[in-house]
């Protein structure tokens with residue numbers, strides 16, 4: 001899926017910032033791609049962009065309106081439909097990460113047919129993937145993996161892309177989830193792919209490249225999560241990473257949505273190497289990215305020192321302390 | 001997906017038996033469910049059933065016509081459409097395992113709307129699955145796993161169901177592939193499920209049961225197959241097996257469709273226990289099922305003796321020598 005930017009971010013009338021986290025993530029990482037935000041009466045989220053409607057955004061050069069907000073259930077509220085129709089009438093494509101398909105709403109389908117605008121349902125890939133082959137491709141790859149879901153794998157991958165580019169490395173973030181697709185303008189929501197094609201989709205989204213080029217692939221789930229480990233394993237095999245970074249949240253006691261305990265960082269490193277070596281025998285861990293938001297600064301530094309010592313790897317909180325040490329380890333390891 | 005039997009097996013005009021292997025598998029394992037076969041002029045496959053068309057089958061009590069043959073590409077040949085329409089007109093449901101959906105053919109959709117007959121596309125599950133939870137369910141489960149794809153996991157599971165029932169055990173085969181769904185009348189083609197729901201689908205198809213009941217779950221792929229390992233892992237986590245049987249083909253040198261070597265039986269046992277213990281800490285291997293079709297009888301027996309000794313487990317070729325020894329091991333191990 002390829003999205004054209006610049007974007008107009010549609011925030012609807014959501015009740016808080018959390019409901020607009022997709023839009024806020026896009027602004028964080030791709031501010032230059034965002035010409036404005038469109039908010040309806042009563043909207044409590046604010047991405048800090050110029051306010052404009054679809055027509056004004058089109059005049060300002062926008063190509064796609066991204067519905068960057070969700071309500072509970074992932075369903076499209078009926079009173080947002082008019083805004084989406086207006087965006088199509090203004091000549092924009094419309095992209096969403098909702099479960100509900102835009103084309104299933106008759107007014108939206110009709111408006112798209114009339115305007116020729118594209119309806120981009122990021123959760124419903126239209127790409128026809130091949131099954132994965134596991135054949136080694138040129139180019140280098142880094143995958144973020146996790147001790148759980150929602151521990152910062154996307155953030156870490158984006159922070160690494162940014163720091164690697166600053167260090168003069170040739171690096172591209174590769175999205176495997178819906179927010180990531182909006183941020184990179186390309187990718188696939190890999191958890192929405194048909195099961196037979198998980199590793200094939202991962203191969204597609206990180207194609208053969210220059211030997212010194214790095215793809216920084218956004219991880220999904222965890223090999224130890226009983227709901228989603230199949231996705232994580234297919235992604236690991238398809239991404240065939242040379243390097244991986246383990247993402248972790250130290251205060252969590254159970255994995256998200258289930259009763260299982262969090263695995264140890266050591267267990268995740270070991271199983272990732274064991275399984276990942278199927279498609280890349282040289283796979284190695286180059287760092288630990290710890291979300292320390294729940295800890296005070298002294299506590300956070302102490303925890304990072306401890307796990308860094310235990311594993312002989314750089315450990316940092318990407319949000320708090322950046323990822324420079326991990327990029328240094330990567331450069332040294334692949335010099 | 002639930003199919004009503006008895007079945008009429010539609011063989012079309014396929015050029016050989018291999019193209020009708022779905023129909024032949026159904027007759028092998030569920031002869032009492034099959035009232036007849038419908039073959040078109042020139043058909044080279046024969047399931048050995050009474051010849052009849054849809055109307056005669058309906059009179060004989062058939063409830064579903066199973067399209068038990070495929071042509072290359074999994075597309076429905078245009079000249080089979082009239083037979084499918086006739087089946088619907090005779091009051092039957094129609095089931096296929098083709099990639100192409102029956103309802104995408106206008107004549108078929110119209111006939112189904114008129115007759116009220118169901119169009120059952122086994123490859124396209126309409127079941128809404130939840131994500132897997134990994135919570136231990138009552139009842140016992142056995143999963144067949146493989147060193148590769150197409151090494152006899154379905155056959156072994158069906159042979160085990162049959163032998164376990166003969167031994168007085170309460171056992172049900174649980175289908176995870178299209179032929180298996182036709183044979184059991186229920187199940188899901190797990191490789192066609194959306195990636196996020198692999199383990200959830202496995203939990204659905206093997207629900208909580210009586211503590212002494214055994215579900216014998218058909219395995220898919222291999223944890224070592226770079227195309228499909230994600231499916232295998234999600235199925236392993238969702239099935240939460242107490243016991244597993246490793247299926248193997250000793251003369252193969254590469255995994256199907258890729259360039260990777262076949263893993264050792266030991267590797268498969270170890271990784272299955274390591275990953276499977278996430279949802280069932282007591283998981284254990286109870287036997288080896290080896291497809292020795294490519295070996296002479298003396299060679300086959302020697303190979304089975306060798307691997308049985310190496311692993312301290314019963315080893316048999318289910319087709320050639322049955323699975324009694326594996327069922328004995330299972331009974332002993334779970335007495």
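Values in this text are rule-based calculations from the coordinates and carry no lab data. Everything numeric in this text was worked out from a predicted model, so none of it was measured. Cβ sites come from the backbone with ideal geometry, for glycine too, and all protein chains shown count toward neighbours.
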> What are the label-to-label distances in nm, one decimal and shortest first, from residue B:332 to the same spot in the other copies, with labels 7 Å along Cα to Cβ?
Replying inline: 5.4
> For the protein assembly as shown, rounded, prolate or oblate, judged on the Cα gyration tensor with a ≥ b ≥ c (square roots of eigenvalues), a/c < 1.5 rounded, else prolate if a/b > b/c?
Replying inline: oblate
>> Could you tell me the center-to-center distance, by alpha carbons, between the stretch B:204-236 and the stretch B:10-33 in angstrom?
In response: 25 Å
> For the residue pair residue B:208 and residue B:101, what label-to-label distance in nm results when each label sits 7 Å from Cα along the Cα-to-beta-carbon direction?
Replying inline: 3.4 nm
> How far is the Cα center of the stretch A:238-308 from the Cα center of the stretch A:121-177, in Å?
Replying inline: 16 Å
> For the stretch B:7-121, what does the alpha-carbon gyration tensor say about shape, rounded, prolate or oblate, given a ≥ b ≥ c as the root eigenvalues, a/c under 1.5 as rounded, and a/b over b/c as prolate?
Replying inline: oblate
> What angle do you read, to the nearest 10 degrees and between 0 and 90, between the alpha-carbon axis of helix A:153-166 and the longest principal axis of chain A?
Replying inline: 80 degrees
>> What FRET efficiency comes out for residue B:89 versus residue B:17 if R0 is 30 angstrom and r is the Cβ-Cβ distance? Round to the nearest 0.05.
In response: 0.55
> Taking every residue in B:123-135, how many Cβ atoms of other protein chains lie within 10 Å of its Cβ, on average?
Replying inline: 3
> Taking the alpha-carbon centroid of each part, what is the distance from the stretch B:68-120 to the stretch B:51-66 in angstrom?
Replying inline: 15 Å
> Which of these, A:89, A:59, A:161, has the largest mean-square fluctuation under a Gaussian network model of chain A (Cα springs below 10 Å)?
Replying inline: A:59
>> Need one word for chain A: rounded, prolate or oblate. Basis is the Cα gyration tensor (sqrt eigenvalues a ≥ b ≥ c); a/c below 1.5 gives rounded, then a/b vs b/c decides.
In response: prolate
> Label 7 Å along Cα→Cβ of residue A:267; the stretch B:276-314 residues with amide nitrogen under 18 Å?
Replying inline: B:276-284
> Once you average over the residues of A:232-239, how many Cβ atoms of partner chains fall within 10 Å of each Cβ?
Replying inline: 5
>> Test of understanding: what is the full-extension gain from residue A:137 to residue A:310, defined as 0.36 nm times their sequence separation minus their Cα-Cα distance?
In response: 59.0 nm
> Can you work out the FRET efficiency for the pair residue A:299 and residue B:130, with r the C-beta to C-beta distance and R0 = 51 Å, to the nearest 0.05?
Replying inline: 0.85
> Please state the relative contact order of chain B as a whole percent: Cα pairs under 8 Å, 6+ residues apart?
Replying inline: 15 percent
>> For residue B:254, place a label point 7 Å from Cα along the Cα-to-Cβ direction in every copy; what are the distances to the other copies, in nm, shortest first?
In response: 4.7
>> Going 7 Å from Cα along the Cα-Cβ axis for the label, what nanometre distances separate residue A:312 from the same residue across the other copies?
In response: 3.3
